[in-house]
Amino acid sequence: MKRIETIKKIIECGVVAVIRTESKEEGIKVIDAVKKGGIKALEITMTVPGAVDIIKEISEVYKHEDLIIGAGTVLDSETARACILAGAKYIVSPYLDLDTVKLCNRYRIPIMPGIMTVKEAVEALEYGVEILKVFPGNAYGPAIIKSFKGPIPQGNFMPTGGVNLDNIEDWIKSGAVAVGTGSDLTKGAKTGDYELVTKTAAKFVEKVRKARADI
């Protein structure tokens, strides 16, 4: 049931904040800022040193909050298991690795693997993937969602890479159930301007709402 609830929350919010942080302290500042802006799904990437420990610490800090903390850039099943044990509620991968998908299914944890072709998308669906990560999104543009939706209308697609305030509405209107965004959302954190992060997060959430209302 928790798996279904997690997927539902991600789709309801419509935005997954990709967070690259060097420490728990910095991560908490970014997460607080993003949370104030209305984004509830957070993805801590494995490209950061000590990312698993950061997930564990942050999951403990926010265990009573209405937030979904997941792990991103997960390349293999071993890393996925470590992240799940650390408290990650979902796993995101830049590509389709069936061993990782199987492991996540075993523990009833949602996984969003990166796909680039119809073949990969169908294969992921056959293994029980609920949300397909279109990655890198900036290599395609929003039209790719409509193209995928033609032969695979049952697919739930989430683009990541190149999603910003200028094109997020186009992605949603093209059929994306959610989007993943990182540097365009959290750029204010680089200069310590966390208020800007909050304002940017709110704009992302509002644009998703507006785009869905126009569909």
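The values are calculated or read from the model by the stated rules, or taken from the named source; none is laboratory data. Here the structure is a predicted model, which is why all the values come from computation and not from measurement. Positions of Cβ are backbone-derived with ideal geometry, glycine not excepted, and every protein chain shown enters the neighbour counts. Accessible surface areas use protein heavy atoms only, side chains included; no ligands, DNA or RNA. Shrake-Rupley method; radii C 1.70, N 1.55, O 1.52, S 1.80 Å.
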Hits in segment 145-169 - residues which are under 18 Å from the mean Cα position of the chain (by Cα) and either farther than 25 Å from Thr186 by Cβ or free of Cβ contacts under 8 Å to residues at least 24 places away in the same chain (or both): Gly155, Asn164
Please find, within segment 7-28, the residue that is modelled with the highest pLDDT out of those that are touching a helix residue (DSSP H, G or I) at 6+ places or on another chain (Cβ under 6 Å) and in a loop (DSSP other than H, G, I, E, B). Gly14
Exactly one of Ile31, Ile4, Ile69 is in contact (Cβ under 8 Å) with a residue 24 or more places away in the chain and in a helix (DSSP H, G or I), and that residue is Ile31
Give segment 172-192 a look and list any residue that's over 29 Å from Ala121 (Cβ atoms) and either surrounded by 19 or more Cβ atoms within 10 Å (Cβ to Cβ) or among the acidic types (Asp, Glu) (or both), or say none. Ala189
With respect to Ala80, is the statement that it is open to solvent by less than 30 Å² (accessible area, probe 1.4 Å), in contact with a helix residue (DSSP H, G or I) (Cβ under 6 Å, 6 or more places away or on another chain) and not in a helix (DSSP H, G or I) true? no
Filter segment 62-77 down to residues that are of a type outside the set (S, T, N, Q), in contact with a Lys or Arg (Cβ under 8 Å, 6 or more places away or on another chain) and either farther than 18 Å from Lys35 by Cα or open to solvent by 50 Å² or more (accessible area, probe 1.4 Å) (or both), then give me how many there are. 2
Take Ser59 and decide whether it is farther than 21 Å from Ile172 by Cβ, among the polar types (S, T, N, Q), open to solvent by less than 10 Å² (accessible area, probe 1.4 Å) and touching a helix residue (DSSP H, G or I) at 6+ places or on another chain (Cβ under 8 Å). no
Of the listed residues (Val118, Val129, Val122), the one being of a type in the set (Val, Ile, Thr), open to solvent by 10 Å² or more (accessible area, probe 1.4 Å) and in contact with a helix residue (DSSP H, G or I) (Cβ under 9 Å, 6 or more places away or on another chain) is Val118
Those residues that are open to solvent by 30 Å² or more (accessible area, probe 1.4 Å), without any contact (Cβ under 8 Å) to a residue 60 or more places away in the chain and closer than 23 Å to Ile28 by Cα, I need them from segment 83-115; list them, please. Leu85
In the list Glu195, Glu169, which residue meets the criterion of being charged (D, E, K, R) and open to solvent by less than 60 Å² (accessible area, probe 1.4 Å)? Glu169
